[in-house]
Each structure stands twice: as C-alpha cells, then as structure tokens.
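For reference, the structure discussed in these notes is given below.
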Amino acid sequence: MTILDGKKVSNDIKNEIAAEVQKIKDKGEKVPHLAAIIVGNDGASLTYVGSKVKACERVGFESTLVQMSNTTSEIELLEKIKELNENPEIDGFIVQLPLPPQINEQKVLLAVNPDKDVDGFHPTNFGKMALDMSTFIPATPFGILELLDRYGVETKGKHTVVIGRSHIVGRPMSILMGRKGFPGNSTVTLTHSHTKNITQITSQADIIISALGVPNFLKAEMVKDDAVIVDVGITRVTDETRPRGYRIVGDVDFANVSKKASYITPVPGGVGPMTIAMLLKNTLLARERHTR
Ligand code: GUN
C-alpha cells in the first residue's frame, strides 16, 4: 500500500511555484496577486481561507483578504466582486463557499470575471473544462488529478466511482476522470444520495473518490482488493483531547480500508493541501494570461 502524500506533493508544487515567482521578480515584473472574499465567520471557512492566504506568502504571491460580515447583502457582495474584477492589480480571486442564506450563490458565481475565476466555478470555465478546452480547473479536482499523475496511478480503462455530486468536487471530478488523456480515460460512475446498492457499485471500483462529508462512510467491505482510494472528506468531529476541541475526519475508514488499498490518501495530509497548491497554480496561470 502506498500513501498518496498530499502534504509532500503540495510542498513540491509550492517550491516549483516559488521558483517561478523568483524568476518573475528577477525580471522586475509584477508578482501574482490572489484575493479571497469571505462572508460571515464560519470557523472552518475562516481556517481554509487563512491557509490560502498563508500559502500565498509562502510562495511569494501578493494576497488580499476581504472579510465581510454575516449580514452582508447580495448587492454589497456583488459590488465587491465588481471592484475585484476591475482592479488590475488582482490576477485572480475566490469567493469562499458556502455563503449566508440571503445571498444567491449562482448570481455570485456568474458575477466573477471568468479570466479571474481561479476556482473554475463560473459556467464559462466549467463548460470549457467539460469540453476539454484550456481553462481553470477547480482546485480540489485539479489537486486529485495532480496527485494521481505524480504517483503514476493508472486511470486508463479503469472503473472510477465518484461518491457525491457537489459542484465543487464530485461533479467536476466525474467529468475529468472520463476525459481523454492522463489522468482520465476512466469509465466513471457518479453516485449520490439517491444511488441504490452503493456497496455493489463501490466494490467494483478500481478507483474510488469519496467527496461526501460523512465520517468513516467507506468501509473495507465496500472496497475491492488493490483499489485506489481518494478521500476528500474533511468533517470536524468534536474531540476534547485535542487542543482545538475537534479533529478532522475523512469519509474513509482509513484503518481498515488501507489494508486492502493499493494507494490511499490520508486525512489530514492528502487532498486538503493539494487544493491550496492548485489554487496557487491557477493564480500563476491567471497572471500569465493577463500579462500575455
Ligand atoms: N468551499 C469549500 N471548498 C471551496 C473551494 O475550493 N473554493 C471556494 N471558493 N469555496 C470552497
């Protein structure tokens, strides 16, 4: 069994990006600048956005964090997005999800300039992804592809089962794994809350990508020998023995599933750090597109 070590690979990627930033600086050019908008004070979202900003510092990017209150109106948020769209200093930005209930997420995603949409959530970019056109691939699926690629995990002709059809992970992942090329060329089954007999499906899978958010959902009995397991779950579970009062638990019963798997991502230290590295990669790409 091989651990797909997202912490190590994401560090390699960040070092590669930092080297690119150094070249940009040596030429006296403007370094990439990522902005993030966060609305409200959800603890997990604040942590994720904080990690994104910290990662920018680590590779030498400029970063801007825009914090807006929980009572922000849709119009106020759309105004802020317009500002970032028009600000030539900003190469790319994200609006951290989820948003408070008074704000329509679809309107927000449509308001982001597709050329600055480093999350790849705008329909223009999502459509381009589905049509094999060059675009921003959403960071978590992009990170999973990169991890499979760097470990040389074969995907061609394999049966990939994706669990969960979220717009951020499951849906794009199901498209990407079936695309022509590497990683890709898989036969994909997308499962969700209405799927019947999920064990029958997962036990036929060569590759399982679980993005459900249910701790320890995927048990050893649901997995065949030598399967490749990618765990996207990051649920906070109360744990008074930890300094923070919680620990992060994945979708996969790691202790038992890892005994059968050929490759498996840990939680934490698997997909999570890859997401941040690929957001940085998309921002570097956005800067290249703007300066061309
Ligand atoms: N919330 C959870 N994951 C993501 C992500 O990748 N991007 C944004 N903007 N919000 C998220």
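The values are calculated or read from the model by the stated rules, or taken from the named source; none is laboratory data. All values reported here derive from a predicted model rather than from experimental measurement. Methodologically, a virtual Cβ is constructed for each residue, glycine included, from the backbone with ideal geometry; neighbour enumeration extends over all protein chains shown. The protein model used for the area step is the full one, side chains on, heavy atoms only, and it has no ligands, DNA or RNA in it. Shrake-Rupley method; radii C 1.70, N 1.55, O 1.52, S 1.80 Å.
In the neighborhood of residue 54, defined by Cβ-to-Cβ distances under 14 Å, what is the net charge if each Lys or Arg adds +1 and each Asp or Glu adds -1?
Local charge sum for residue 54: +1.
Taking the Cα centre of the stretch 99-138 as the origin, how large is its charge dipole in debye, to the nearest 20, when only Lys and Arg (+1) and Asp and Glu (-1) carry charge on their Cβ atoms?
80
First measure r as the distance between the Cβ atoms of residue 187 and residue 75, then evaluate 1/(1 + (r/R0)^6) with R0 = 41 Å and state the FRET efficiency to the nearest 0.05.
0.35
With a 1.4 Å probe and all protein chains left in place, how much accessible area per residue does the chain have, in Å²?
Ligands and nucleic acids excluded, the figure is 47 Å² per residue.
Considering amide H positions built from the backbone, and no H for Pro or chain starts, which residues 5 or more places from residue 179, or on another chain, come under 5 Å of its amide H?
Residues meeting the amide H criterion: 185, 186.
Between residue 64 and residue 130, what's the calculated FRET efficiency when r is the beta-carbon distance and R0 is 45 Å? Round to 0.05.
Calculated transfer efficiency: 0.90.
Just flag the trypsin sites (Lys or Arg not before Pro) in the stretch 12-48 sitting in loop per DSSP whose Cβ has no more than 15 other Cβ atoms within 10 Å. Before the final figure, lay out each step's value.
Details: sites: 14, 23, 25, 27, 30; in loops: 27, 30.
Loop-located and lightly packed - 27, 30.
Taking the Cα centre of the chain as origin and charging only Cβ (+1 Lys, Arg; -1 Asp, Glu), how large is the dipole, in debye to the nearest 20? Before the final figure, lay out each step's value.
Values: 35 positive and 34 negative charges, 90 e Å.
Dipole size: approximately 440 debye.
Is there a pair in 224/260; 128/180; 7/224 whose C-alpha atoms are over 18 Å apart, and which pairs would that be?
Violating the 18 Å limit, Cα to Cα: 7/224.
Quick one: dipole size for the stretch 180-292, taken about the Cα centre, charges +1 on Lys/Arg Cβ and -1 on Asp/Glu Cβ, in debye to the nearest 20.
Dipole size: approximately 480 debye.
Could you please state how large a percent of the accessible area of the chain is carbon and sulfur, counting protein chains only and using a 1.4 Å probe?
In the chain, the share of accessible area belonging to carbon and sulfur is 51 percent.
Going by average Cβ density within 10 Å per residue, which order do the peptides 83-95, 163-175 take, highest to lowest? Could you put the intermediate results ahead of the total?
Values: 83-95: 19.0, 163-175: 21.8.
Going by the mean number of other Cβ atoms within 10 Å, highest first, we get 163-175, 83-95.
Measure off 7 Å from each Cα along the Cα-to-Cβ vector at residue 197 and residue 8, then give the distance between these two points in nanometres to one decimal.
4.0
Tally the DSSP beta bridges in the stretch 178-292 and give the antiparallel ones as a percent, rounded to 5.
Counting DSSP beta bridges with both partners in the stretch 178-292, the antiparallel share is about 35 percent.
Could you tally the net charge around residue 77, taking each other residue with its Cβ under 14 Å from the Cβ of residue 77, Lys/Arg +1 and Asp/Glu -1?
Value of the local net charge: -2.
If you take every residue apart from residue 136 with its C-beta less than 10 Å away from the C-beta of residue 136, what net charge results, scoring Lys and Arg +1 and Asp and Glu -1?
Residues near residue 136 contribute +1 overall.
Report the trypsin sites (Lys or Arg not before Pro) located in the stretch 198-256 that are in a DSSP loop and have at most 14 other Cβ atoms inside 10 Å of their Cβ, or state none.
Answer by residue number: 219, 224, 244.
Report, in whole Å, the centroid distance computed from the Cα atoms of the stretch 224-292 and the stretch 2-71.
17
Of all DSSP beta bridges located in the chain, what percent are antiparallel, nearest 5?
Working: 4 of 34 bridges.
The antiparallel proportion sits near 10 percent.
On full extension of the chain, what length is gained from residue 150 through residue 47, given 0.36 nm per residue of separation minus the C-alpha to C-alpha distance? Let's see the in-between values first.
Numbers: separation 103, 0.36 × 103 = 37.08 nm, distance 2.72 nm.
Extending this stretch completely gives an extra 34.4 nm.
Give me the number: length gained by fully extending residue 54 to residue 244, i.e. 0.36 nm times residue separation minus the C-alpha to C-alpha distance, one decimal in nm. List each step's numbers first, then the result.
Details: separation 190, 0.36 × 190 = 68.40 nm, distance 1.93 nm.
The residue 54-residue 244 span can extend by a further 66.5 nm.
Over the stretch 11-90, what relative contact order in percent results from Cα pairs under 8 Å that are six or more residues apart? Present the calculation step by step, with values, prior to reporting the outcome.
Values: 74 pairs, mean separation 28.3, N = 80.
Answer for the stretch 11-90 is 35 percent.
So if each residue of separation counts as 0.36 nm, and I subtract the Cα-Cα distance between residue 220 and residue 262, what length gain in nm does that give?
Between residue 220 and residue 262, full extension yields 13.8 nm more.
Can you tell me, using C-alpha contacts under 8 Å and at least 6 residues apart, the relative contact order of the chain as a whole percent?
21
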